[in-house]
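The next block holds one structure in the form of C-alpha cells; read it before the comments.
The values are calculated or read from the model by the stated rules, or taken from the named source; none is laboratory data. All figures in this text were calculated on a predicted structure; none of them were measured in a lab. Neighbour counts are summed over all protein chains in view; Cβ atoms, including those assigned to glycine, are modelled from backbone coordinates with ideal geometry.
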Amino acid sequence: MFDVKSKTVRVGDISLSFETGRIARQANGAVVVRSGESIVFASACAASTPNEDRTFLPLRVDYQEKFSSAGKTLGGFVKREGRPSERETLVSRLIDRPIRPLFPEGYFCETQLLTYVWSYDKVNQTDILAITAASAALLISDIPFSKALAGVRVGYINDEFVINPSPSQMEKSELDLVLAGTEDALLMIEGYADFLPEAKVLEALETGHKAIKTICAALSEWAKEIGKEKHNDWIVKAPEELMGLVEKAAGPELVDALQIKDKQARGDAISLIKDRVQTELFPEGEEAKYHKADVSTTFKELQARIMRERILTQRERVDGRGLEDIRPISIQPGLLPRTHGSVLFTRGETQTLAVCTLGSENMAQRYETLDEDSLRRFYLQYFFPPFSVGEVGRSGPAGRREVGHGKLAERALTSTVPSKEEFPYVVRVESNITESNGSSSMASVCGGCIAMMDAGVPIKRPVAGIAMGLILEGENHAVLSDILGLEDALGDMDFKITGDQNGITAFQMDIKVEGITIDIMRQALAQAGRGITHILGIMKEACPTPRKEMSKYAPRIVTMKINPSKIGKLVGPGGKTIRAITADHGVEIDIAEDGTVSVSSNDANGVQAALDMIHGLTADIEVGQVYEGKVTGVVPFGLFVEVIPGQDGLCHISDIDHSRVENIEKLFKEGESIRVKVTDINERGQIKLSRKVLLPKE
C-alpha cells in the first residue's frame, strides 16, 4: 500500500532519519524527519501557475509545535493550537530565510511549507530538524528547488564545540548558534553568546558547516534516487533584450538619481524615471509586448547593477560614504519625563525612541513552550509603524518581522542585564522606530542599552550593534559598514553583529548568494568591531555610566529572605494575610519558592512598613533575645505579650517585677508596649517571657 523511501545520516553522535511515501502523499513533497524520539513533519505544496504580480515569490512558511508531542496541553481556556507563539514565529523565520534565496530566478508560483512537531523527547531540538525537513520536502518534490539545505545548532561547552546539543547541555553553553546552508556555503546564521571572541565565532561557523555538508551530501544522494522530475516550465524569465530597452529608456538620469543622498528625494527621483520607462515601453493604444512585472524586475536589476559597479570601482556608496564610514549619530537620553528611562537614538535616517520600564515580578513576561512554562524577567519589544518609512500600512499586532527584530535586540542585550540578586527589578524595553533607512534592529540595541542606563539599571557593560553588507562580483568584493535599506535590498548580505570591543553577544546573517567564504566573514567581523568601537564611544559620551538614582516615578523594590517553611504563614489561609498587608500598605509582594520575598511600591514608607510586618510574621523567636512587645491580654496570672506580629508569649505574674504584684490589672492595659526577654520555648512552642530580668534589682 505504501511505497516508503528512507535515508539515514549520522552527524557526530546523532542519527537523522528521513522518510517519505507513507504520509501526505498528495503533497508535492512530504518528509518525516526523526532524531531520537523527536519527530518533525514537513510538506511542500505549490500552485502550477506563476503569481500574476511576478515581482516577488509568494512563499509562506509556517512551523507549529503540537503540545501533544510532549504529552502536554496548552494552558488557559483555549486548548487548541491557534495563533503562532513567539517561538513558532521565530522558527518559521529560521526556515524561510535560508530557503528563499535557493529558489531559481523567475520562479513566482505560490508556495507553502508547513512543518509540524509531532513528537518531542526534550533532547533533540526541533527547530533545526524543521529547517532540514522543509528543505528535504522541497528537494524530493517537483517544485523547482535543486540544492540540498540543512540546519544545525552549535554549542560551546567546556571549551568544546557540540553539534545539536540538548536543552540541558545548552544551559551550560557559552554559545547558541543556529546555522543553515548547502554543501558549498552558509546562507543563514543566528547566534547568541556571552561576549565570545571573534575567533571562537569563526571556529564555530566552520565546525557547524562541516556537519551541514554531511547532511546535504546524504540528501542530494537521496533526491537523485527518489526525487520527482522538476517542473522547470514553471520558471518565467524576462526576455533578454528587455535590459537594453529599460536602460535606454532610463537614461543617465538613473545614475544621477542613485547618487542623491537623501532617501526620500532619491526615491522620488527614481519613481519618476520608472514611470517614464513604463510610459515608453507601454505606449497608449498599442498592444503590450512585455509583461509589466518583467519591466519592474528588470528596472530593479538595473538599479542594482549601477549601485554595485559604483561601490566596487569607485569604493563610494549611494549616500557618498566610504565603505567603513558610519552615519552621524545623535543621542538624547532622558527625553520623556514620566518614563523610568528613555532615549532618542538617531543614526543617519534611522531613529528609535527607546523606553525602559521597571517593575516587580508581576510585570514579568509569561511564556509556554514544549520545554517549560516560565517567566522572562528581561524582554524587549520592537514596534515598526508604517510612518517610519513614509508609508500607509497596517497597524496592529506585531508581525513576523517585528517579532524577529525585537528578539534579536533582546538577546543581544541579555548578556549585559544584571542578575536578580544584583537588581531585583523586571526590565521591559520597548523600541519605537520613528524613522527607518537601514538596520532599525541595531538601533534598537543601542537605544535599548542607553534607555536601561538612563533608568538606572546597573548593566554589566554597554553594548552596541551594527549591520554589515556585501557586494560580491566574482573575485571582487566590498564589505560595507552600517548599511542603508537600499544596500540591503540590492546587496548580497545582511550581517548584524552586537557586542563590545572584547566580545560578541549576538550575530545574525542572511546571504543572498553562494560563495561567501570564511575569509570574507572574518573581514566583516573585524570591520564590524571597528564600527562598534566607534558607536560605543559616542554612546559613552552621551551616557557614561548608569544613573545612580532611579526615576522618582519608578517603584522601589526591597528583597528579604525568609525561611521557606514560613511562606504558608505569610500567605495566610486563602491568601488572607498577604492580601491584608498589600492593601494596608499599598505594596506589591512576590514570594519565590526559595523564600525570597520582594516588596515593591512607589511609597518608601509603605515598603518599610510591609517589610516590618513580614519580618514579624516570619522571624524565628530566639531564647535570650529582648523584644519590644505589645500587651494583648491581661489575666490574673500574668500578661500575654505579642513579641512579634502573630506570635504571643506569656509573662507570668512572678516574672513581671522583683517585688510582689498584687493587682496586675491596675498596672497594665491591653495595647500598651512592654519590654520583655524570652527565657524559654518549650517543646510545644510556648514562649516564656520575663520583664523582671530587665529591671535593676532594688
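At-a-glance table
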item: Some residue of the range 255-265 being outside any strand (DSSP E or B), more than 21 Å from VAL389 (Cα to Cα) and outside the structural domain of GLY537 (by TED's automatic domain parsing); result: yes
item: Matching residues in the range 185-206 - criterion: being more than 17 Å from the chain's Cα centre (by Cα) and either under 21 Å from GLY36 (Cβ atoms) or among the small types (Gly, Ala, Ser) (or both); result: ALA185, ALA199, ALA204
item: Tally of residues being hydrophobic (A, V, I, L, M, F, W, C) and either surrounded by fewer than 13 Cβ atoms within 10 Å (Cβ to Cβ) or without any contact (Cβ under 8 Å) to a residue 12 or more places away in the chain (or both) across the range 1-38; result: 3
item: Matching residues, the range 479-496, being over 13 Å from ARG310 (Cβ atoms) and assigned to a helix (DSSP H, G or I); result: GLY485, ASP488, ALA489
item: Hey, ALA610 touching a strand residue (DSSP E or B) at 6+ places or on another chain (Cβ under 6 Å) and aliphatic (A, V, I, L, M) or not; result: yes
item: Any hit, the range 177-184, residues being over 22 Å from SER35 (Cα atoms), in contact (Cβ under 8 Å) with a residue 40 or more places away in the chain and not aromatic (Phe, Trp, Tyr); result: yes
item: Close pairs (6 angstrom Cβ cut-off, 6 or more residues apart or separate chains): on the phi > 0 side of the Ramachandran plot in the range 341-364, modelled with pLDDT of 95 or more and in a strand (DSSP E or B) anywhere; result: none
item: Subset of the range 531-558 [touching an Asp or Glu at 6+ places or on another chain (Cβ under 7 Å) and among the aliphatic types (A, V, I, L, M)]; result: ILE532, LEU536
item: Among (1) over 23 Å from PHE423 (Cα atoms); (2) surrounded by 17 or more Cβ atoms within 10 Å (Cβ to Cβ) - the single one ASP590 does not satisfy; result: (1)
item: Some residue of the range 289-310 being over 35 Å from the mean Cα position of the chain (by Cα), part of a helix (DSSP H, G or I), among the hydroxyl-bearing types (Ser, Thr, Tyr) and over 21 Å from PHE108 (Cβ atoms); result: no
item: Flag if GLU372 is free of Cβ contacts under 8 Å to residues at least 12 places away in the same chain and under 25 Å from VAL40 (Cα atoms); result: yes
item: Flag for LYS512 being touching a residue at least 60 places away in the same chain (Cβ under 8 Å), surrounded by fewer than 21 Cβ atoms within 10 Å (Cβ to Cβ) and among the charged types (D, E, K, R); result: yes
item: Residue within the range 538-549 that is in contact with a His (Cβ under 9 Å, 6 or more places away or on another chain) and surrounded by 13 or more Cβ atoms within 10 Å (Cβ to Cβ) present; result: no
